[in-house]
Amino acid sequence: MGRPGAQYEGVTMDRWQYLIVLGACLAITAPLELLGAGVYRQAWRTAGAVLPVAAVFAVWDAIAIAAHVWTYNPSFVTGFQLPGQMPIEELLFFVVIPLCGLLTYNAVDTILEWVRGLSRARTARSSS
């Protein structure tokens, strides 16, 4: 049963779940920007890596939606749609997730470089 109006509140919150998850992904990976050369600090390079792939997937998604092969549960999207019946969340997914991947890759690469540098320093000290 629950309290009056609880079901309505859940439906309202459900509509934002996709965007909340994307926002959480960005928030969790944002500190990784501080490691290495950065992803956001190289905006043109990042755009060149992310946007062409996002465009291909957006077209692919639009075709699948038009062919009724791919659908979205309206309970979990805001209702804002792009041409071709694609929810705005889906286009954002094609940008946000690769961006988070680049942030993670850049951070791991930087940490591995630090480890390699420490290893080289130890090797150089032990051979002196």
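Before moving on, here are some points about what is shown:
- Scanning the chain for DSSP H helices at least 27 Å long along the axis (C-alpha atoms) with a Kyte-Doolittle mean no lower than 0.0 picks out 43-66, 88-127.
- Take the Cα of Leu112, step 7 Å toward its Cβ, do the same at Val69, and the gap between the two points is 3.4 nm.
- Comparing mean-square fluctuations of Thr46, Thr104, Thr71 from a GNM of the chain with C-alpha springs under 10 Å, the top value falls on Thr71.
- Taken over the chain, the ratio of Cα radius of gyration to 2.2 N^0.38 Å equals 1.52.
- Gain on full extension, evaluated as 0.36 nm per residue between Ala49 and Leu92 minus their Cα-Cα distance, stands at 14.0 nm.
- With 0.36 nm allotted per residue and the present C-alpha distance subtracted, the Arg41-Leu82 stretch has 11.9 nm of extension available.
- Extension reserve of the Gln17-Arg125 stretch, reckoned as 0.36 nm per residue once the Cα distance is removed: 33.5 nm
Throughout, read-outs are computed from the coordinates displayed, never taken from laboratory work. These figures come from a predicted structure and were not determined experimentally. In this analysis, Cβ positions are derived from the backbone assuming ideal geometry, glycine residues included, and neighbour counts consider all displayed protein chains.
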